[in-house]
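Structure, as structure tokens:
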Amino acid sequence: MKDITLHAKWLIKAPLTEVFNVMTDFEKWPDYFPKVAESIQVVKRDGNNLEMIATVKSFGKKFPVKMKYQILPGKGYISDNENPEFGTSGHEEFLLSEHPEGTIIDYTYQVAIHRRLLRIIARPLIGWFSMKYWQKAVIDELRKRLEK
């Protein structure tokens with residue numbers, strides 16, 4: 001089975017530290033990004049490694065997700081996520097770098113779709129819709145919160 005790889009870069013006109021602080025304050029994501037997160041709870045923490053359970057919103061539905069995050073201090077995070085109800089798992093990289101105008105977000109998400117029928121219809125839907133939605137629900141909200 002082939003993964004679907006989603007990738008985009010965005011510029012946020014805010015200091016890297018501010019972007020990092022918001023994006024790694026996971027339990028506040030339902031407040032910061034209500035279009036994608038209904039609830040997030042850290043269930044295990046070992047230094048910069050976290051395990052979380054969440055209820056996320058996608059395609060007009062709510063889904064339980066198990067997430068394992070590694071925070072990369074001052075650089076972002078990587079995570080592995082499992083959504084048994086939707087039949088997907090994924091590897092996410094949210095990497096930050098400084099830019100003269102603010103912070104570059106380099107975002108990659110590799111999605112594995114485990115249900116055969118869903119793979120047939122999901123590839124074009126996930127490939128196009130997901131990144132547009134992520135930009136609107138997360139990146140645009142981040143800009144509203146941090147850009148002056």
Which one of these does Asn21 not meet: (1) out of contact with any Lys or Arg (no Cβ under 9 Å at 6 or more places or on another chain); (2) within 24 Å of Asp140 (Cα to Cα); (3) in contact (Cβ under 8 Å) with a residue 60 or more places away in the chain; (4) surrounded by fewer than 18 Cβ atoms within 10 Å (Cβ to Cβ)?
(3)
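Under the condition of being modelled with pLDDT of 95 or more and crowded, with 16+ Cβ neighbours inside 10 Å, which residue from the stretch 98-137 is farthest from Pro30 (Cα to Cα)?
The residue in question is Gly102.
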Just to be sure I understand, how many residues within the stretch 7-36 are in a strand (DSSP E or B) and not hydrophobic (A, V, I, L, M, F, W, C)?
2
Candidate set: the stretch 25-48, residues that are touching a Leu at 6+ places or on another chain (Cβ under 9 Å) and under 22 Å from Gly74 (Cα atoms); chosen: the one surrounded by the most Cβ atoms within 10 Å (Cβ to Cβ)
Phe33
Are any of the residues in the stretch 90-97 touching a Pro at 6+ places or on another chain (Cβ under 8 Å) and either surrounded by fewer than 15 Cβ atoms within 10 Å (Cβ to Cβ) or at pLDDT 85 or above (or both)?
no
Residue selected from the stretch 1-40 under the condition closer than 15 Å to Asn81 by Cβ and touching a Phe, Trp or Tyr at 6+ places or on another chain (Cβ under 6 Å), by the criterion modelled with the lowest pLDDT:
Leu6
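The values are calculated or read from the model by the stated rules, or taken from the named source; none is laboratory data. None of the values given here were measured: they were computed from a predicted structure. So basically every Cβ, Gly included, is an ideal-geometry build from the backbone, and we count neighbours across all protein chains shown.
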